[in-house]
Amino acid sequence: MEINQKIIVVTGAGSGIGRALVEKFVAEGAKQVIAVDIDAANASETASANACLAMTADVACEADMIRVIDEVEAQVGPIDLFCSNAGLAAGPSEQSPDQEWQISWDVNVMAHVYAARHLVPRMIKRGGGYLLNTASAAGLLNQIGGAAYGVTKHAAVGFGEWLALTYGHQGIKVSLLCPQAVRTAMTAADPDQLGTEGLQAAAGDGMLEANVVADIVAQGLQQESFLILPHPEVTEYMQRKTADYDRWIKGMNRFHQSLAGG
Ligand SMILES: NC(=O)c1ccc[n+]([C@@H]2O[C@H](COP(=O)([O-])OP(=O)(O)OC[C@H]3O[C@@H](n4cnc5c(N)ncnc54)[C@H](O)[C@@H]3O)[C@@H](O)[C@H]2O)c1
């Protein structure tokens, strides 16, 4: 898909990867980009820096997602590309409170479901459309120190696969963005979110800048790749995992112990 002249919505656009995606899409000549975030001030900052539109919405709230889709389609035009990028890391273990598991599920998974629920029928009716869902390498390889994050990102990968295999022949294109560590507020500000071990584990192959990830996303969209892997090592790790699952689990346990100093 070419970005040029497309109408694009990006959630989680007030910061990090979402903000970098907005910058990239505007630079590539998108017709209009709508920067959506739960943080109104940050969404506005992204929009004013890039001469595009801002909307405030909680992606975990279906009514907010309906409002975003309805207003954009009525006032701007049909959405060509919807980037469900907002996400959070909470719930480090099975001991974490239910609220942390629930918000992880709502933001990291249900937001993708709501976008699809309200856009896929419209997109099919007009011949097609594109969904870019930000999951994580944690959705393919799990997350040391981040139980709810790893689990919900696996669910996001599962849902993206399901959308692609169900609607591909009706013009629905899906890409899943699955980076390892990227330098954003998520990896910088709150070590409690993934824990020190989690960050060390995710950053083992280096911390990418968000603008580099956005460039790789633009290439992935142009090639219409299902899986967009900014860290190429992830392919090899997936191969190792599927080649010998027991060995992979033991290796991950040893890796965790080495990070924990055990
Ligand atoms: N940074 C990394 O290392 C990394 C790695 C893999 C995947 N990811 C994923 O990339 C995506 C973007 O993360 P980031 O690193 O840019 O983090 P970030 O914290 O910089 O940005 C996330 C943005 O999402 C917004 N957001 C959170 N909950 C929301 C909600 N309910 N409704 C609307 N907006 C909401 C936040 O306000 C914030 O602006 C997330 O899905 C994250 O899981 C990040």
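The values are calculated or read from the model by the stated rules, or taken from the named source; none is laboratory data. Quick caveat, the model's predicted, so the values are computed rather than measured. In this analysis, Cβ positions are derived from the backbone assuming ideal geometry, glycine residues included, and neighbour counts consider all displayed protein chains. Each accessible area value is taken on the protein alone, full model and side chains, heavy atoms only, with ligands, DNA and RNA left out. Shrake-Rupley method; radii C 1.70, N 1.55, O 1.52, S 1.80 Å.
Where the only charges are on Cβ atoms (+1 Lys, Arg; -1 Asp, Glu), what is the dipole of the chain about its Cα centre, to the nearest 20 debye?
660 debye
Based on the Cβ-Cβ distance of Glu2 and Gln257, what FRET efficiency does E = 1/(1 + (r/R0)^6) give at R0 = 51 Å, to the nearest 0.05?
0.60
Across segment 7-259, how many lysine pairs, 8 or more apart or on two chains, come within less than 24 Å at their alpha-carbon atoms?
Within segment 7-259, the lysine pair count is 8.
Identify which of Glu100, Glu71, Glu197 has the largest mean-square fluctuation in a Gaussian network model of the chain, with springs joining Cα atoms closer than 10 Å.
The residue with the greatest mean-square fluctuation here is Glu71.
Less than 11 Å Cβ to Cβ from Ala43, Lys/Arg counted +1 and Asp/Glu -1: what total charge do the surrounding residues give?
Local net charge: -2.
List every residue whose amide H lies under 5 Å from the amide H of Ala54, counting only residues 5 or more places away in sequence or on a different chain, with H placed 1.01 Å from N in the peptide plane.
Ala35
For the chain, return all DSSP H helices satisfying: extent of Cα atoms along own axis at least 27 Å; mean Kyte-Doolittle hydropathy at least -1.0.
What comes out of the filter, once short or polar helices are dropped, is 147-167.
Could you work out the helix-only [θ] at 222 nm for the chain, with each DSSP H run of four or more residues adding -39,500 (n - 2.57) and the total divided by the number of residues, to the nearest 500 deg cm²/dmol?
Value at 222 nm, helices only, nearest 500: -16500 deg cm²/dmol.
May I ask you to compute the full-extension gain from Ser93 to Ile66, defined as 0.36 nm times their residue separation minus their alpha-carbon distance, rounded to one decimal in nm?
Extra length from Ser93 to Ile66 when fully extended: 6.5 nm.
What distance in nm separates the simple spin-label points at Ile249 and Gln222, each placed 7 Å from Cα in the Cβ direction?
Each label point lies 7 Å from its Cα, and together they span 4.3 nm.
Not counting ligands, DNA or RNA, and with a 1.4 Å probe, what is Glu233's accessible surface area in Å² rounded to the nearest 10?
60 Å²
So for the chain, taking the charge dipole from beta-carbon charges (+1 Lys/Arg, -1 Asp/Glu), which of Ser48, Ser104, Pro232 sits furthest toward the positive end?
Pro232
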